[in-house]
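Remarks on the structure that follows.
The numbers here are math on the coordinates, done by the rules we state, and not lab data. The structure presented is a predicted model; accordingly, all values stated were derived computationally and were not measured. No Cβ is skipped: glycine too gets one built from the backbone with ideal geometry, and neighbour counts run over all protein chains shown.
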Amino acid sequence: MKTDREAPVGVFDSGVGGLTVAREIMRNLPSEKIVYFGDTARVPYGNKSRETVIRYSHQICRFLQEQQVKAIVVACNTASAFALDAIRDDFDIPIIGVIEAGAKVAAARTRNKRVGIIGTVGTVGSGIHAEYLRKLDPEITVFGKACPLFVPLVEEGWLHDPVTTEVAVRYLRELQDKKVDTLILGCTHYPLLRSTIREIMGEDVCLVNPAYETALELGRLLTEKGLSSTGAQQKEFPYRFFVSDLADEFKEFANSILPYDVEMTKKIDIEKY
């Protein structure tokens, strides 16, 4: 079956965090259409088992396939860590996660071979970044730190709040002590705290934003497969948003961080898939 290059790209996340990936795709690949799904009824994925995250990811991919997407971006670090191989085996369209692209950049940028990774309990516990980085460069030592409070703080909109700064100082102290020179923001919410993290870690530490790197990786993949959109059919609104719950709250958050106004977010029953 020939894939239509003007078809949209599917992007999914456990909630709103993946909007940072959608935002980078909008900025860097402006002729691509996007169908976004946020699993807001079942967020967070960071404290779920591998089997559960794989089941959720399969349901979402079936929904996105119904939307006739030409490629899928798993814009969730936990789902990328737990489910990427499983869904790649079961769906015959290109699928990329957010871990590989960020790891490649971190491996290339580190000077002292000490790389930090912050993320959810699930992502950090999976050890997937460490595994991937060691494949790229066996000399790299990886220091992981779970930062579970960052997600609720971002979703509360407390991006520049003394409470958030205090929490960040406590989380990041450990990585400062380990003298990391490169830090992967291993959760799609975390780029929204970038300025706070930058302030604490200092100018000498390279912050890797996997959302940006994943958008570039998607561009390369679409070009390689001959699937890049020509932008010829961009008459209608090119971005569609679906969630499993709380559509109005999602829309409000999306409008606070995206360069476009999200006019409609549709709630669907993901358990049907």
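Annotation: lysines with alpha-carbon distance below 24 angstrom to residue 272 (same-chain offsets under eight excluded): 48, 70, 251. Within the same chain, aspartates and glutamates fewer than 8 places from residue 135 are excluded, and of the rest, those with a Cα less than 14 Å from its Cα are 100.
Qualifying trypsin sites (Lys or Arg not before Pro) in region 111-142, where qualification requires a DSSP coil assignment and no more than 15 other C-beta atoms within 10 Å, comprise 111. The fraction of all Cα pairs in region 14-120 landing in successive 10 Å bins from 0 to the largest distance is 13, 45, 32, 9, 1, given as whole percents. Counting every C-alpha pair in region 155-224, the share spaced more than 15 angstrom apart comes to 58%. Here the alpha carbons of region 184-273 define both size measures, Rg and Dmax, at 17.1, 49 Å. Counting every alpha-carbon pair across region 1-71, the share separated by more than 17 Å comes to 47%. Dipole size of the chain about its Cα centre, with +1 on Lys/Arg Cβ and -1 on Asp/Glu Cβ: approximately 600 debye, rounded to the nearest 20.
Could you pull out the trypsin sites (Lys or Arg not before Pro) across region 182-251 that fall in loop regions by DSSP (anything but H, G, I, E, B) with no more than 13 other Cβ atoms inside 10 Å? Walk me through the numbers on the way to the answer.
Working: sites: 194, 198, 220, 225, 235, 240, 251; in loops: 225, 235.
Those satisfying the criteria are 235.
State which stretch of the chain is the longest one without any exposed GluC sites (Glu not before Pro), exposure meaning a DSSP loop state and at most 12 other Cβ atoms within 10 Å. It would help to have the intermediate numbers written out before the result.
Numbers: sites that count: 139, 156, 203, 236, 263.
It runs 1-138.
With bins 10 Å wide beginning at 0, the percent of Cα pairs of region 122-273 falling in each bin runs 9, 28, 33, 23, 7, 0. For the options 132, 36, 45, a Gaussian network treatment of the chain with springs between C-alpha atoms closer than 10 Å singles out 132 as fluctuating the most.
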